[in-house]
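Down below is the structure, laid out as structure tokens.
The values are calculated or read from the model by the stated rules, or taken from the named source; none is laboratory data. Here the structure is a predicted model, which is why all the values come from computation and not from measurement. Using ideal geometry, Cβ is built from the backbone for each residue, glycine included, and neighbour counts are taken over all protein chains shown. Each accessible area value is taken on the protein alone, full model and side chains, heavy atoms only, with ligands, DNA and RNA left out. Shrake-Rupley method; radii C 1.70, N 1.55, O 1.52, S 1.80 Å.
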Amino acid sequence: MYEIWLAMNIVYEIALDLWPALLPLLLVWLAVLLINRQRLGKVAPSTLLAVVAMVGLVAVLALPSLTKSSLADMGYWVDWAFLLAMAVGFGVAAAALLWPVLAMRPSR
Amino acid sequence: MEHSSPSSPELSRRQWLLGSAGAALLASAAPSAQAAKLKTQAHIVIVGSGLGGLAVANRLIAMLDGAKITLIDSKREHNYQPGYTLVATGVWPVSKVRDRNADFVPSGVNWVQEMAAEFDPANNAVVTATGQRIPYDYLVVAMGTHQDWSLIEGMDVGAIGQKGLTSVYPSPQAAQATWTSMDAFRKKGGNAVLTLPATPLKCAGAPLKMTFMLRDRLAQSGTLDKSKVTFYSALGNVFGVKTVNDNVLSRWRDLGIAVETTQKLQAIDIGAQSARFVTPEGVTSDVPYDFIHVVPPMRAPDAIKNSDLAWKEGPFAAGGWLEVDKASLQHRRYKNVFGIGDINGTPRGKTAATVKKSAPIVAQHLVDVIAGREPGQKFDGYTSCPLIVKEGSAMLIEFDYEGRLTPSLPMIEPLQASYLAWLMKYRLLKPAYMATLKGRV
């Protein structure tokens, strides 16, 4: 329980540092989401899953070097599990961000 | 000089955000916010505005209704000291360890911007450097350590960054100057000397991290074969927890780092780049160096050391550390006095992680005493050290008073070099520190 509370606080403190970038992005996303709310259902789940997979793969490859480490420094399964969890998190966030944008595509 | 903080005419970014919905949500969910506030008119004085002092101040504000809280410290800059090793090894810019104390002192706390010079616990008073006498009902001592550079003959803290002289300990500026020297040294290599004194230290892992990182920087620069790295310990080991000590020595053997034990740094000739070491038997040896990392002997600040609050006998008496019960962190003789952080005369545990775990206990015990209850929780001495072994990899070592390894999560292997431990040090622990500072975790 304490670890969950600690993790929430860590995420909150990181967001405090990122809010100048996050806030405009969130507002634009909300606007696009509202404009396209009728068309969100037209985006195929497979498309969103593909976004999750692609962004997740890029995150797995890029996150270690972006944090001054490397894939060679993955010491044991906990490292891989944590890296994959972060990558999936980035993938899901990217899919959520792109969802209303993808809904803007003209129907075939 | 005193004022009620925060005094800045403009709301800072953090203050603005702390008033935002997100902060309100977090604050309302915080464990300390779930209990009813205790009504009291007690005057609580907190001496020291580091992590311990501010964490307790923020917690007491949330737990007490009507208390007068006074914070005594002249420091206006708040330094994230756990980040100094990252600055000193070229991983972080120095700006990441520098903040303003005014951004963290809670509203309603009276901040006396002076240093405490004397303690008069028999009469429940603190005397500041200008002679101002401040009475209290309850006292929290959070003064940290005093770095006793005077015990190293010839040492000049102002010369750090010159002639291969480095130290991560004194300040952000010293950490930055240390990286400048390390960066220059790694390009050509040479004889590197790293030291460890025999006194209790804050962040006792820092000298080891500096050693690992120096070796890694030499390897990255291709100058390792032109270099010799030797760690001189004034003790018989390099770390107080045996399993960790043995693991580090094994790694150093593999990495070609030499270790000399029971060699205390006695003197340094900065101009000649020579260090003098002495054994317990009094045998001295002069060691030339191209790069030296000096760790100062540490003790309690004079105001505590010279007061009746200090240990009078036992292993913590020589350093003048605060005489607290190691389980309750309450003073053993003055029951209205508590200690938090590095100042405490307790085994091990002079780290931010210790404060994270003990600040809630100290605040709760103080509230218990005000309410007429016996302090009921027991602090196990938890501390933690993300021990960097190279850029990109670290070990997440957590242990208690007894030196038992106590990982927070069962799947963590404390002696396994890992990316997760590195990421925590590099990216996650400062946010955790900030949450501790604000009294939320």
> Given segment B:107-197, what strands (runs of 3 or more DSSP E) lie entirely inside it while holding 1 or more residues that are within 29 Å of residue B:240 (Cα to Cα)?
Replying inline: B:138-141, B:191-196
> Of these, B:359, B:317, B:353, B:327, which one is part of a helix (DSSP H, G or I), over 30 Å from residue B:257 (Cβ atoms) and modelled with pLDDT of 95 or more?
Replying inline: B:359
>> Taking the criterion of being touching a residue at least 24 places away in the same chain (Cβ under 8 Å) and of a type in the set (Val, Ile, Thr), would at least one residue in segment B:407-420 satisfy it?
In response: no
> For segment B:413-441, how many residues are more than 7 Å from chain A (Cβ to nearest Cβ) and of a type outside the set (Ser, Thr, Tyr)?
Replying inline: 10
>> Taking the conditions exactly as written (away from chain B (no Cβ under 14 Å), modelled with pLDDT of 95 or more and over 12 Å from the mean Cα position of the chain (by Cα)), does residue A:64 satisfy them or not?
In response: no
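Residue-wise test of (1) within 30 Å of residue B:314 (Cα to Cα); (2) open to solvent by 20 Å² or more (accessible area, probe 1.4 Å); (3) modelled with pLDDT of 95 or more.
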residue: B:349; (1), (2), (3): yes, no, no
residue: B:363; (1), (2), (3): yes, no, yes
residue: B:392; (1), (2), (3): no, no, yes
residue: B:397; (1), (2), (3): yes, no, yes
residue: B:409; (1), (2), (3): no, yes, no
residue: B:414; (1), (2), (3): no, no, yes
> residue B:374: open to solvent by 40 Å² or more (accessible area, probe 1.4 Å), under 22 Å from the mean Cα position of the chain (by Cα) and more than 14 Å from chain A (Cβ to nearest Cβ), yes or no?
Replying inline: no
> Which number in (1) of a type in the set (Ser, Thr, Tyr); (2) under 30 Å from residue B:441 (Cα atoms); (3) loosely packed, with under 13 Cβ neighbours inside 10 Å marks the one condition that residue A:46 misses?
Replying inline: (2)
> Tell me, which residue of segment B:74-91 that is out of contact with any Phe, Trp or Tyr (no Cβ under 8 Å at 6 or more places or on another chain) and surrounded by fewer than 24 Cβ atoms within 10 Å (Cβ to Cβ) is farthest from residue B:209 (Cα to Cα)?
Replying inline: B:74
> Taking the stated definitions as given, is residue A:15 within 14 Å of chain B (Cβ to nearest Cβ), within 17 Å of the chain's Cα centre (by Cα) and surrounded by 18 or more Cβ atoms within 10 Å (Cβ to Cβ)?
Replying inline: no
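Test of understanding: among B:333, B:299, which residue is of a type outside the set (Ser, Thr, Tyr), open to solvent by 10 Å² or more (accessible area, probe 1.4 Å) and under 16 Å from residue B:143 (Cβ atoms)?
Going through B:333, B:299 in turn, the sole match is B:299.
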> Residue check: is residue B:311 aromatic (Phe, Trp, Tyr), open to solvent by 10 Å² or more (accessible area, probe 1.4 Å) and closer than 30 Å to residue B:129 by Cβ?
Replying inline: yes
> Restricting attention to segment B:53-73, and to residues there that are among the small types (Gly, Ala, Ser) and open to solvent by less than 10 Å² (accessible area, probe 1.4 Å), which single residue is farthest from the chain's Cα centre (by Cα)?
Replying inline: B:57
> Restricted to segment B:421-434, and to residues that are surrounded by 22 or more Cβ atoms within 10 Å (Cβ to Cβ) and without any contact (Cβ under 8 Å) to a residue 24 or more places away in the chain, which residue is farthest from residue B:395 (Cα to Cα)?
Replying inline: B:434
> Taking residue B:62, is it farther than 30 Å from residue B:218 by Cα, small (Gly, Ala, Ser) and modelled with pLDDT under 95?
Replying inline: no
